[in-house]
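To keep things clear, I will list the structure first and then write my remarks on it.
The values are calculated or read from the model by the stated rules, or taken from the named source; none is laboratory data. Quantities reported herein were computed from a predicted structural model and do not represent experimental measurements. Heads up, the Cβs are rebuilt from the backbone with ideal geometry, glycines too, and the neighbour counts pull from every protein chain shown. Areas reflect the complete protein model, heavy atoms only, side chains present, ligands, DNA and RNA absent. Shrake-Rupley method; radii C 1.70, N 1.55, O 1.52, S 1.80 Å.
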Amino acid sequence: FTAADGGRHTAWTIALPSAVHLIQQGFEQIPFLYIADGHHRCAAAARVFQSRKGTGHSGRFLAVIFPHDQMQILPYNRVLKDLNGLSPDQLMEQLDGVFILKAAGSPTPSPARKHELGLYLNGRWHTLNFRPRFAATTDPLEKLDVTLLQKYVLDPIFGVTDPRTSQRI
């Protein structure tokens, strides 16, 4: 079908065991596969599988894979309604313990590198880079910017323990 944006999409059902086996062999040659989006869908599918103890088709869910040069990962911005009782200067002082801070003249469309964030406060943009000690772990989940932001900023500084349910974010 052709989507509203003009993009043409085609889907195939692959049910022939020999074709499935061929695809499985191909994926065995790929050393890494990153989930850029859909981790919530994967987690939900895993919960369904566990609750149904693998019965029926609960061990399957729809997925799509794109080559790295044919995809774009969009930013996920967070807007806080207040500073949790802090003044802007107090907030910047607390953030200075977590980030290397730099005033930026204008916003960048996306961070220039890993562990870099943008902050808009009092009509000015700031570039924030996590201090290296905060990302010094071998656990890949603990190195994610979203994890670092929650663990070292949103929870301890802003008091946002769960960004999915908070009324302040």
What FRET efficiency comes out for the pair Gln167/Gln29, r = Cβ-Cβ distance, R0 = 35 Å, nearest 0.05? 0.15
Using the charge dipole of the chain (Lys, Arg: +1 at Cβ; Asp, Glu: -1 at Cβ; taken about the Cα centre), state which of Ala11, Gly118, Gly38 has its Cα farthest towards the positive end. Ala11
Nothing charged except the Cβ atoms of Lys and Arg (+1) and of Asp and Glu (-1): what's the magnitude of the dipole of segment 1-53 about its Cα centre? Round to the nearest 20 debye. 320 debye
Could you provide, to the nearest whole Å², the per residue accessible area of segment 12-63 with probe 1.4 Å? 95 Å²
Summing -39500 (n - 2.57) over every DSSP H run of at least 4 residues in the chain and dividing by its residue count gives a helix-only mean residue ellipticity at 222 nm, to the nearest 500 deg cm²/dmol, of -6500 deg cm²/dmol
R0 = 35 Å: FRET efficiency of Arg133 with Leu16, Cβ-based, nearest 0.05? 0.10
Neighbour-limited loop hits for trypsin sites (Lys or Arg not before Pro), segment 44-149 (at most 12 other Cβ within 10 Å; DSSP other than H, G, I, E, B): Arg52, Lys53, Arg60, Lys81, Arg113, Lys114
Mind grabbing the accessible area of Thr2 for me, 1.4 Å probe, Å², rounded to tens? 90 Å²
Cα centroids of segment 129-166 and segment 29-87: how far apart, whole angstrom? 18 Å
Note down the accessible area of Glu93, probe 1.4 Å, to the nearest 10 Å². 140 Å²
Take Val146, project a point 7 Å from its Cα along the Cβ direction, then tell me which residues of segment 75-105 have their backbone nitrogen under 19 Å from it. 75-80
